[in-house]
Amino acid sequence: MKINVIGEQLSQEEIDAYVKHANEKYPDKVISELTITVDGEFADLKYEFEDIPFERIRRITGYLVGTLDRFNDGKRAEESDRVKHSM
């Protein structure tokens, strides 16, 4: 994680506390960058997260699927016989 401190100097202990807070606040996300802007007694935290990979889901022959690897031969044939409309 990249950490940027803007404004006043912070001790490593304070930075570690902000990092711990960020990880507790967003336990399901991976923080790639944390910017701490210090103004007197106030600190503003800006988080940047790593991209979350996702799989495209389509409706094919009445089923929501990401890939066709679990289709049997009949469903694969249905998919290949579909009329594909262009825009």
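The values are calculated or read from the model by the stated rules, or taken from the named source; none is laboratory data. Not measured: the values here are computed from a predicted model. Reconstructed Cβ throughout: ideal geometry from the backbone, glycine too, with neighbour counts over all protein chains shown. Ligands, DNA and RNA are stripped out before the accessible areas are found, and what is left, the full protein with its side chains, is counted by its heavy atoms. Shrake-Rupley method; radii C 1.70, N 1.55, O 1.52, S 1.80 Å.
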(request) Only residues that are open to solvent by less than 100 Å² (accessible area, probe 1.4 Å) and of a type in the set (Phe, Trp, Tyr): list them for segment 50-87, please. (result) PHE71
(request) Report the residue count in segment 28-49 for those that are part of a loop (DSSP other than H, G, I, E, B) and open to solvent by less than 100 Å² (accessible area, probe 1.4 Å). (result) 3
(message) Anything in segment 50-79 that is touching a Phe, Trp or Tyr at 6+ places or on another chain (Cβ under 9 Å) and assigned to a strand (DSSP E or B)? List them, or say none.
(response) ILE60, TYR63, VAL65
